[in-house]
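Inspection log for the structure reproduced underneath, given as structure tokens.
Values in this text are rule-based calculations from the coordinates and carry no lab data. Here the structure is a predicted model, which means the values were calculated and not measured. Cβ placement follows ideal geometry from the backbone for every residue including glycine, while neighbour counts extend to all protein chains displayed.
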Amino acid sequence: MPRLGEGAPAGAGEDSDVRAAYRACKRIVREAHSAEYALLHLMPPPIQPACWALYAAFHTADGLIDTTEGTPAQRSEHLAAWTAALRTEADHGHSGDPVRRALVDTVRRWGIDLDDLDESLSSIAADADGTAPATWQDWRARVKSQNTGWVGQFLRLLERCGVRFPVDLGQLAAVSGFLDGLYLTDTLADLADDVNRGTLTLPTEVLDRFPGAGSDLSARHFSPNVQALVAHLLQRARQSLTDGHDELRHHLHPGADILLQALVAYFRARLDVAEESGPAILQRPCEPDRLTRWRIMAPARSKAFLLWRLVPLRTPPAAGPRAGVPPQRNPGPQQPSATVTVPAVPVPAHPSGARPPAIDHDRLPHHVAIIMDGNGRWATSRGLPRTAGHTLGARAVRDMAMGALEIGLPHLSLYTFSTENWHRSTDEVFHIFRVLGDELEDGWILRHDIRLRWIGDAQRVPCDLAAKLRDQEAATRHRTGLTLNLCLDYGGRTELARAGSAIARAARAGDLTHGDMSERDFARYLPYPDMPDVDLLWRTGGEQRLSNLLPWHVSYAELHFTTGLWPQMDRRDLWQVISDHTHRHRRYGSAPSPDAPPAASTKTAITQRVT
């Protein structure tokens, strides 16, 4: 294992220009962001060079926009050209620019998602005109778009080298709040620079709460309103850091916890300096002195140094050049992190030759959820171990997805593993996860027009399975066909409780006031606010209960229960259930019309197809 702080990337070997590129990135970070450079030294040694490359790329892109040279449009064009060059060079594996050369090697070596970085770079470019966001919600959206892609890649590096960081940036509201705290601290610490450039990014909403503060800031006048504004922002930043820190600490790898503690301590120290600066906050950046930084970083670095020598870490081989080789845009399971365009792979027909029924598009449900019950009972009734039922049940999942594609269903949610399923035997739980991992490894989702989403808790799922799920989520996120929601380690009440906690934090921060909350507002705090309500909930296995599945989304769902066990099901059953659904008249609380068809009988709803 390389010693902490060595400049050569692990595995770079004979490629001297790559080593030189990484050293250049290291120098950029050390000279421009000394505190961040110290924090990056707490990362595992194998990924430190990749961290330098990512941070140097962020610094370069930000510098192209923040410069005072040229018009905003010209600055945006310069960044767009830099990004386009990165994309081209990543396909071929070479670059004459040292930052892009190191970043290209990082992308290829560690499976970094270049599309995520593209989106972050595009968001940085949007700042070229210096327009301030109108509301805190707009400000938060900007923070998320500019920073989540970069933070996500750092977390991906940690997981790729074997360090567990069980946090899903797209689903956990506390993480977004924590990033808000970091970004707001940056804004306060660099307030003098922003005022000098005339690029104040605070939302108009907060400036309006302190009349005259905006013009006073522009004039560098530390008026009472400016003082009150700064105090309000300091309190908000501290609260966001505290809430996020408390939420993130659960189940962290010791190395990730060392990094988190140092990061929070340093940013709190920055807030202390900003608070103590008074009028000087408008004259110079607010950074802790060297002694304060040493008191924070020295113990953390000693702990990290010892830990990374004891913990086994994975290091990928060097990425060889591919000059002249066109990019692979349809990766298999060995390259899951690149975005996959919709492949021209037809949906395989059912072995029986059955075709989907012709259903009027207006009658087709938009979202079907399935509680896949009966795997274990199917196996034990045949004298087989329960695990055999889960293996065959996975085949039913694949066929059901193919049937959903054939009939044109937009959304399909599958209850894959509930929070209560942890009460089952260790062998059975392990087998369920292994079967799901094998299905992902096969890559069938990548071969079809399917957008995968994982809904559930990331903290207890095995690291390798979580990595596969996240990789295929990222790889398929631009798909426009079937959205396949896998509810894995999912609990509906837990989801609602977390949304409630996020709302409480927003109210404490002043984003919400009494009487402001509506159903639409509440839905914004769910893992996927854009997920439509469930139109049809189908449960196999003869049981007739909802089992804590998507309680917010199934409020007006039509319920369909069948007696057949899940391994017996295939796409023909899905088609039959959907066909039965089209004959139901959904009133949403209104009185039935005289010409409405009679409701489907209970007997029809619980029958099953005979195979």
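Rg ratio for the chain: its Cα radius of gyration over 2.2 N^0.38 Å, N being its residue count, equals 1.06. Applying 1/(1 + (r/R0)^6) with r as the Cβ-Cβ distance of ALA228 and ASP530 and R0 = 56 angstrom yields a FRET efficiency of 0.90. Taking amide H as placed 1.01 Å from N in the peptide plane, ILE370 has its amide H under 5 Å from the amide H of SER413, LEU414, TYR415, TRP538, each at least 5 places away in sequence or on another chain. Taking all Cα-Cα distances within region 7-131, those exceeding 20 Å account for 43%. If you line up the long axis of helix 98-110 against the longest principal axis of the chain, both from Cα atoms, how many degrees apart are they, to the nearest 10? Its long axis makes an angle of about 30 degrees. Summary value for the chain: 14 percent relative contact order, contacts being C-alpha pairs under 8 angstrom separated by 6+ residues. Rounded to the nearest 10 degrees, the angle from helix 114-125 to the longest Cα principal axis of the chain is 50 degrees.
Here the spin labels are modelled as points 7 Å beyond Cα on the Cα-Cβ line, and at ASP208 and ARG87 they lie 3.7 nm apart.
GLU119 to ALA32: FRET efficiency via 1/(1 + (r/R0)^6), r the Cβ-Cβ distance, R0 22 Å, to the nearest 0.05?
Values: r = 23 Å, r/R0 = 1.06.
Computed FRET efficiency for GLU119 and ALA32: 0.40.
Mean residue ellipticity, 222 nm, helices only, the chain: the sum of -39500 (n - 2.57) across DSSP H runs of n ≥ 4, divided by residue count and rounded to 500, is -17000 deg cm²/dmol. Relative to the longest principal axis of the Cα atoms of the chain, the long axis of helix 571-582 makes an angle of roughly 90 degrees.
All distinct Cα pairs of region 182-321 go into the 1/r average, and the inverse of that average, the Kirkwood radius, is 17.2 Å.
The alpha carbons of region 346-486 occupy a box of 45, 36, 25 Å along the principal axes, longest dimension given first. From most to least packed by mean Cβ count within 10 Å, the peptides 27-34, 189-196 give 189-196, 27-34.
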